[in-house]
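The values are calculated or read from the model by the stated rules, or taken from the named source; none is laboratory data. Small disclaimer: the values here were computed from a predicted structure and weren't measured. Don't worry about glycine lacking a Cβ; one is built from the backbone with ideal geometry, like all the others, and counts go over all protein chains shown. Side chains are part of the model used for accessible areas, which takes the heavy atoms of the whole protein and leaves out ligands, DNA and RNA. Shrake-Rupley method; radii C 1.70, N 1.55, O 1.52, S 1.80 Å.
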Amino acid sequence: MVVNGKMNPSSEAEQGGLKSLLKWAAEHGVEVSESYSSLGRGHSLGVSSFPGAGGRGVAALRPITKGDLILKVPKSALITTHSLLSRDETLSVALKPHPSLSPTQVFTVCLLYEINKGKASPWHPYFLHLPRSYSILAAFGELETQALQVDYAIWAAQKAITKAKYEWKQASIIMKELKLKPPLLTFRAWIWATGTISSRTLHVPWDEAGCLCPVGDLFNYAAPSEESGSFEDVDNWKNEYEKDDLEMHHSQRLTDGGYEEDAAAYCFYAKKHYNVGEQVLLSYGTYTNLELLEHYGFLLEDNPNEKVFIPLELDMHSLSSWPKESLYIHQNGRPSFALMCALRLWATPPYQRKSVGHLAYSGCQISKGNEICVMKWIAKKCDSVLKEMPTAIEEDKSLVHLIDKMEEYENPWEWLKEASAVFGGEFGNDNILRAACVVERDEPSTALVRTKMLIDRWKLAVQWRLVYKTIVARCLSYCTDIINSLSVQ
């Protein structure tokens, strides 16, 4: 199940906007039906609603076979730094004195400059279709950041926010020189533009910042599957580590398609067989939930590529050559190959480590006693982590359920009162209003929108920590089972 903030095209206004987008796409060479109700090769795709599975997405209108070419978006419709600069000499000249800006910063400035043109921009119908906000980590405030509860996640959010503010201030000089409208000079506008680029761009060989691909960005995300190796199977463990090592360098995004020079278009292919009515999904690459939050603003409740990190002793790192990123717990609750290797060596007496090191690094058990010692340490650490959390798993589940009930209230302020009465503290009414920057002079509609956006981000933080705790609890249970099994042998 995908948990994100994509819009559901249920209202007439949204459907009208979608029709305008498809009409624009047809004018720019995308294969769309005359009624603007279908698109893609052979009109095999349609935009539909998938509640609880990404919201608005792409559905199969006919049976689709794995490997089928399902959509082509011509190069002329793509938005890149190059396409924007080549159309505007003023923009191109203004950017030349600023070589220190990163490719993404340059693309962000170009995007805001193009937005500034309003209807004069050839991509205006596409811009109208984009989300009005994103829930990426850089958009998090203090409330949402602290709601993550786990140190390394809080640090990741703080780092993303600090980086975004630095890049915005660095680019503000040129944006003022370009005389952008005041609303487009704000940090909020910068976050929107970087969120658009971070969550919607696709790789193209000629532009490091990637491209925005109108219509091609309607696909929802499907995580690449990861088959878990058997805990006792050394060969599978070795394969698992090789996979881990590759995943650490996933900057080259995995996609179900790419730009093809011969076709002069971005081409999308079916990753599997689809039946009529089934949602057609696209894999952006291999990401943990924290990475999905950072770059895309959503997470997966059941992410096969999720990794959970627990605090380790300093000498555990110094005793082995494994990178810190490889010492984690899998989504199924099993310790990673590298984590088990490092802990087996750590649990071995110093005078024996040299003689058994080859066994530890090959993924083999050193001895039954050593294995029990390792499992007991992991179980104790997991138990400690769970007990030190400000909230328990069941509390977080109740909290998510309560947030979901907000849609049932005509007046969200009444919902806020109920939520504050139930949970208080973190969820206090005053905390929410302050974090949303809601003040007395705000229009009710403005206050409501800001509060809703904040609660959406806050819900994602609660869901992230819930997944984290659930996996830690699985690991605790798994290690306990292994200890009991080895003890009776």
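Tabulated values for the structure
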| quantity | calculated |
| --- | --- |
| Where residue 209 falls short, out of the listed (1) in contact with a strand residue (DSSP E or B) (Cβ under 8 Å, 6 or more places away or on another chain); (2) under 23 Å from residue 57 (Cβ atoms); (3) hydrophobic (A, V, I, L, M, F, W, C) | (2) |
| Region 37-52: number of residues that are within 24 Å of the chain's Cα centre (by Cα) and hydroxyl-bearing (Ser, Thr, Tyr) | 2 |
| For residue 301: the one exception among (1) at pLDDT 95 or above; (2) within 28 Å of the chain's Cα centre (by Cα) | (1) |
| Cβ-Cβ under 9 Å pairs, at least 6 apart or on other chains, region 132-143 side acidic (Asp, Glu), far side open to solvent by 10 Å² or more (accessible area, probe 1.4 Å) | 142/435 |
| Matching residues, region 358-376, being in a helix (DSSP H, G or I) and either more than 30 Å from residue 465 (Cβ to Cβ) or open to solvent by 40 Å² or more (accessible area, probe 1.4 Å) (or both) | 358, 359, 360, 361, 368, 369, 370, 371, 372, 373, 376 |
| Test: residue in region 346-357 that is buried (at least 20 other Cβ atoms within 10 Å of the Cβ), of a type outside the set (Lys, Arg) and within 29 Å of the chain's Cα centre (by Cα) | no |
| Per-region count, region 78-122, residues modelled with pLDDT under 95 and within 26 Å of the chain's Cα centre (by Cα) | 0 |
| Candidate set from region 467-489 (those that are touching a Cys at 6+ places or on another chain (Cβ under 8 Å) and of a type outside the set (A, V, I, L, M)); member that is nearest to residue 298 (Cα to Cα) | 475 |
| Residue within region 31-51 that is part of a helix (DSSP H, G or I), farther than 27 Å from residue 273 by Cβ and open to solvent by 10 Å² or more (accessible area, probe 1.4 Å) present | no |
| Flag for residue 333 being within 23 Å of the chain's Cα centre (by Cα) and surrounded by 14 or more Cβ atoms within 10 Å (Cβ to Cβ) | yes |
| Unmet criterion (only one of (1) more than 24 Å from residue 112 (Cα to Cα); (2) open to solvent by less than 90 Å² (accessible area, probe 1.4 Å); (3) free of Cβ contacts under 8 Å to residues at least 24 places away in the same chain) for residue 155 | (2) |
